[in-house]
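Accompanying notes for the structure given below.
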Amino acid sequence: MKTAIVILFIPIVAMAGFKEIQRITIDSNPSYDNYDRKEIAFSQTLKSVAYPVKKDNKVSISVNGKIQEATYDCISGVTFLPGTESVVFLASRDGCKSLFWVVNGKEYSKYISSKSRVFTYSPPLKQFVYVGAENNKEFIVIDGEAQKKRYDRIDFITFMNDGKTIVFKAKEKESEFIVVNDKEHKKYKMVRDIRFSEFSDIYYLATDGSTEFLVINGKEQQKFPGGVYYYCTSRDSRKFITISNDKKNIVINVDKKTFRFPLMKNSRPLFCKFAPNSTDYSFIAPDPENADRTAIYLNGNKMGSYEDILWSSNQNSIAFSPDSTKFAYVVKEGKREALYVNENKLAVHDKFYKVIFSPDSAHIVYTYQDKDEQIGFSLGLDAKTFRNISSISESPDGPPFIFDGSDRVRYIYEDNNGFYYVEEIVN
């Protein structure tokens, strides 16, 4: 029996329905069956699809059903540049020994090595930036032009929210450090968990070997002798939550408040998150009344104690609504999982994936998986009625879908005849 991942759209306020507005064929002749299906990529708008096509021992790229003329020995890492319909991937013409980037048909073959698979893109500047390698050194390459400074390794690179400032993590000998527009921050033994605020602040954790620090814009703000499990910042960048270990307790600092919990017997994930209003917050911590269970807290108050609370930074299974009035989370209950919204159990399935509120906070959409279902992906407005879209996906996050405004949902429909972009309205 096939495993099904289903999209279920549940109204939190009142019952509603879906009305299809448009269905556009974006690929009427899919040819991915002869290649790795995991290489299928969709643009952020869901209006474009790309994947490799293999024929006569050569590989080409198909974009919206049109197979490009250029051929290669192999293709990998197919994706779309952020905010565009332009395809980017790695390719080779020498038996997959050496690689080069292909960006919207343009090839960047300089300074590429098998280890250099890190890139970023700036929509405002229309700059393609990647990590190059030469003579056992790595460096930044901007639109094919190598920058002068060389490092032992570069394993993270991105543009900040302004689309102009390049940030990357570099390593020299035994030291790691952040570089912002060629300006090097202090060197540490290790740097990790790099994040950015909407106001272009940069945060990261850094350790000198004995103590870990929370660093903001290159300045050490807090130190933690026992290390940090996790940290998060408010949307306005004025508040922080840190989850650390003082060797006796798990210590959670929220702004000026401190919570202490006994160390857990078993290793379980610890997590925190601020609501969009930058005031409300949640964190996961041990249950002081039962060391074998995990509790979830809202503004410091325990909401419930469970066998386990599940979260993933990619799948977003813990979420606040945009208006900060609703809070959703997924917990483990026996062999199944349950979705809660404001302490109320909303649904139970074998496995949940992504959990998202609509922009107006009136609805919640999530992906789930049930082993006894064969209906493929479905889109619905409650647990009993849903739209069967008969789709199967290899993505660990389930089928791609997005909100466009408060009442429109876009998703990809797929059948044996191709891929379709579908837009529906909640009415």
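Within the range 38-76, the set of residues being farther than 16 Å from residue 421 by Cβ, part of a loop (DSSP other than H, G, I, E, B) and of a type outside the set (Ser, Thr, Tyr) comprises 56, 57, 68, 69, 70, 73.
Residue 358 falls short on exactly one of the conditions (1) buried (at least 21 other Cβ atoms within 10 Å of the Cβ); (2) at pLDDT below 75, and that condition is (2). Scan the range 77-90 and give yes if some residue there is of a type outside the set (Val, Ile, Thr), closer than 27 Å to residue 153 by Cβ and not in a strand (DSSP E or B), otherwise no. There is at least one residue in the range 77-90 that is of a type outside the set (Val, Ile, Thr), closer than 27 Å to residue 153 by Cβ and not in a strand (DSSP E or B).
In the range 237-250, is there at least one residue being in a loop (DSSP other than H, G, I, E, B), surrounded by 15 or more Cβ atoms within 10 Å (Cβ to Cβ) and within 25 Å of the chain's Cα centre (by Cα)? Outline the logic, then answer.
Residues of the range 237-250 that are in a loop (DSSP other than H, G, I, E, B), as a first pass: 237-239, 246-248.
Next, from what is left, pick out any that are surrounded by 15 or more Cβ atoms within 10 Å (Cβ to Cβ): 237, 239.
Then drop every residue that is not within 25 Å of the chain's Cα centre (by Cα), which leaves 237, 239.
The answer is yes; a qualifying residue exists.
Residue 337 meets the conditions (1) among the charged types (D, E, K, R); (2) at pLDDT 90 or above; (3) buried (at least 17 other Cβ atoms within 10 Å of the Cβ); (4) under 21 Å from residue 370 (Cα atoms) in every case but one. The failed one is (2).
Could you tell me whether any residue of the range 142-154 is of a type in the set (Ser, Thr, Tyr) and either at pLDDT below 90 or at positive phi (or both)?
Residues of the range 142-154 of a type in the set (Ser, Thr, Tyr): 151.
So of that shortlist, the ones also either at pLDDT below 90 or at positive phi (or both) come out as none.
Looking for residues that are of a type in the set (Ser, Thr, Tyr) and either at pLDDT below 90 or at positive phi (or both), one finds none in the range 142-154, hence no.
Looking only at residues of the range 194-216 that are surrounded by fewer than 14 Cβ atoms within 10 Å (Cβ to Cβ) and among the charged types (D, E, K, R), we find that the one that is nearest to residue 228 (Cα to Cα) is 195.
When the residues of the range 332-371 are filtered to those that are among the basic types (Lys, Arg) and farther than 18 Å from residue 307 by Cβ, which remaining residue is farthest from the chain's Cα centre (by Cα)?
Within the range 332-371, the subset among the basic types (Lys, Arg) is 332, 335-336, 345, 351, 354, 371.
Narrowing the set further to residues that are farther than 18 Å from residue 307 by Cβ leaves 354, 371.
Values: 354: 10, 371: 25 Å.
Step by step, filter the range 332-371, then rank; the result is 371.
Looking for something under 21 Å from the mean Cα position of the chain (by Cα), among the charged types (D, E, K, R), modelled with pLDDT under 90 and within 29 Å of residue 163 (Cβ to Cβ) - is there at least one such residue anywhere in the range 218-235?
Residues of the range 218-235 that are under 21 Å from the mean Cα position of the chain (by Cα), as a first pass: 229-235.
Among the residues that remain, those that are also among the charged types (D, E, K, R) are: 235.
With the extra rule that they be modelled with pLDDT under 90, the set shrinks to 235.
From what's left, within 29 Å of residue 163 (Cβ to Cβ): 235.
So far as the range 218-235 goes, yes, one or more of its residues are under 21 Å from the mean Cα position of the chain (by Cα), among the charged types (D, E, K, R), modelled with pLDDT under 90 and within 29 Å of residue 163 (Cβ to Cβ).
The set of residues from the range 104-130 being buried (at least 16 other Cβ atoms within 10 Å of the Cβ), part of a strand (DSSP E or B) and either out of contact with any Leu (no Cβ under 7 Å at 6 or more places or on another chain) or among the charged types (D, E, K, R) (or both) comprises 108, 119, 120, 122, 128, 129, 130.
Being within 30 Å of residue 410 (Cβ to Cβ), assigned to a loop (DSSP other than H, G, I, E, B) and in contact (Cβ under 8 Å) with a residue 60 or more places away in the chain, is that true of even one residue in the range 322-331?
Quick first cut of the range 322-331, residues within 30 Å of residue 410 (Cβ to Cβ) only: 322-331.
Retained after the next criterion (residues that are assigned to a loop (DSSP other than H, G, I, E, B)): 322-326.
From what's left, in contact (Cβ under 8 Å) with a residue 60 or more places away in the chain: 326.
There is at least one residue in the range 322-331 that is within 30 Å of residue 410 (Cβ to Cβ), assigned to a loop (DSSP other than H, G, I, E, B) and in contact (Cβ under 8 Å) with a residue 60 or more places away in the chain.
Tallying residues that are at pLDDT 90 or above and not charged (D, E, K, R) within the range 307-326 yields 5. For the range 176-193, filtering for residues that are touching a Ser or Thr at 6+ places or on another chain (Cβ under 7 Å) and on the phi > 0 side of the Ramachandran plot leaves 1.
Condition first: of a type in the set (Phe, Trp, Tyr), under 21 Å from the mean Cα position of the chain (by Cα) and either under 19 Å from residue 137 (Cα atoms) or not in a strand (DSSP E or B) (or both). Now tell me which residues in the range 156-207 satisfy that.
Let us first name the residues in the range 156-207 that are of a type in the set (Phe, Trp, Tyr), namely 156, 159, 168, 177, 188, 196, 199, 203-204.
Next, only the ones that are under 21 Å from the mean Cα position of the chain (by Cα) stay: 156, 159, 168, 196, 199, 203-204.
Passing the criteria: 156, 168, 199.
If I filter the range 131-151 for residues that are in contact with an Asp or Glu (Cβ under 6 Å, 6 or more places away or on another chain) and without any contact (Cβ under 8 Å) to a residue 24 or more places away in the chain, do I get at least one hit?
If we filter the range 131-151 for residues that are in contact with an Asp or Glu (Cβ under 6 Å, 6 or more places away or on another chain), which is where we start, we get 131, 151.
Within this subset, residues satisfying the condition of being without any contact (Cβ under 8 Å) to a residue 24 or more places away in the chain are 151.
Yes - at least one qualifying residue is present in the range 131-151.
The values are calculated or read from the model by the stated rules, or taken from the named source; none is laboratory data. Quantities reported herein were computed from a predicted structural model and do not represent experimental measurements. Don't worry about glycine lacking a Cβ; one is built from the backbone with ideal geometry, like all the others, and counts go over all protein chains shown.
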